[in-house]
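Q: Below is a structure I'd like to ask you about.
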Amino acid sequence: DIAGGQGGSDLYWSKWENGGWTTPQNLGSDVNSPGDELFPFITNTGMLWFASNGHPGLGGLDIFFAAANGKGGWANVKNPGGPLNSGRDDFSICFDNRGQGYFASNRPGGKGEDDIYHFQRIIPVEIIVTNEGTGVPVEGAGIRMLSSSGNEILLNTDAEGKATNYLDWVKSFKFEVG
C-alpha cells in the first residue's frame, strides 16, 4: 500500500542486484486495481497468479492469473472461475511441477476459518471413433488408454461414437481402439 499505487494493496516487483534489492516497481493498472491485490505466485512458466477483491469476481477475494506481456510485466488478467473461486475468500494459490497445487479459502464446508485445499490439473478429452471407410460413428468400440505411469483405462463409445475421460496433464497417453 505504498503511496502512488493503484488503490489498496498493490503488487510490486524488485530485483536482487549487487547484494541488495532494487527500488520496488508497481505492476501497474493492468494487474493492480482500486481494491487489494495480494498473495502473488509466479509459476515455472511465468504465469502470475494472485488474489484480488478489486477485479470482477465471485465474491470476497478471488484468485486471478495474468500472462506475461513480453515487456517485463503481465496483462490480460483473468478469473479462472469455480471451483477455484467461490463466493467467499479464495487466495494464496501455489503450484508444483506436477500440475497440482494448493490454495486457501474460507468457503463453507471447511474444517476451520481458512482451510487449505488441494487441486490437480486435468484435461478433458473426447474421443470419437468412426468407420474409416464410411465415416459413420462406431457404437460400442473399445478404447484402451495407457498412461506413461502404466495405468490402463478402458472405455466404450456411445451411440454417437464418443467416449469421454480426463487426462492428467503431466502424463503422456497412448490410445488404442479395438
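Q: So the check is Cβ under 7 Å with 6+ separation or different chains; which pairs have a first residue in segment 56-79 that's of a type in the set (Asp, Glu) and a second one that's crowded, with 16+ Cβ neighbours inside 10 Å and assigned to a loop (DSSP other than H, G, I, E, B)?
A: Partner pairs satisfying both residue conditions: 62/79; 62/85.
Q: Right, something else. Can you pull out every residue in segment 111-139 that is small (Gly, Ala, Ser) and either open to solvent by 50 Å² or more (accessible area, probe 1.4 Å) or at pLDDT below 90 (or both)?
A: Matches in segment 111-139: 112, 133.
Q: What's the number of the only condition in (1) open to solvent by less than 90 Å² (accessible area, probe 1.4 Å); (2) more than 30 Å from residue 89 (Cβ to Cβ) that residue 168 fails to meet?
A: Residue 168 satisfies every listed condition except (2).
Q: Do we find a residue being modelled with pLDDT under 90, open to solvent by 40 Å² or more (accessible area, probe 1.4 Å), among the basic types (Lys, Arg) and more than 16 Å from the chain's Cα centre (by Cα) anywhere in segment 58-75?
A: yes
Q: Go through segment 129-173 and give me each residue that's free of Cβ contacts under 8 Å to residues at least 24 places away in the same chain, closer than 22 Å to residue 119 by Cβ and either in a strand (DSSP E or B) or touching a helix residue (DSSP H, G or I) at 6+ places or on another chain (Cβ under 9 Å) (or both).
A: Hit for segment 129-173 is 153, nothing else.
Q: Report yes if some residue within segment 147-154 is in contact with a Pro (Cβ under 6 Å, 6 or more places away or on another chain), hydroxyl-bearing (Ser, Thr, Tyr) and open to solvent by 50 Å² or more (accessible area, probe 1.4 Å); otherwise report no.
A: no
Q: Then there's this: Within segment 30-55, which residues are more than 20 Å from residue 94 (Cα to Cα) and open to solvent by 80 Å² or more (accessible area, probe 1.4 Å)?
A: 30, 34
Q: Look at residue 105 and say whether it is over 30 Å from residue 50 (Cβ atoms) and surrounded by 12 or more Cβ atoms within 10 Å (Cβ to Cβ).
A: Here the answer is no, as residue 105 does not meet what is asked.
Q: Check 174, 162 and return the single one that is under 30 Å from residue 100 (Cα atoms) and open to solvent by 90 Å² or more (accessible area, probe 1.4 Å).
A: Result of the check over 174, 162: 174.
The values are calculated or read from the model by the stated rules, or taken from the named source; none is laboratory data. Predicted model, so just to flag it, every value in this text is computed and none were measured. When we count neighbours, we look across all protein chains shown, and the Cβ atoms used for this are built from the backbone with ideal geometry, even at glycine. Remember, those area values only see protein heavy atoms, side chains included, never the ligands or the DNA or RNA. Shrake-Rupley method; radii C 1.70, N 1.55, O 1.52, S 1.80 Å.
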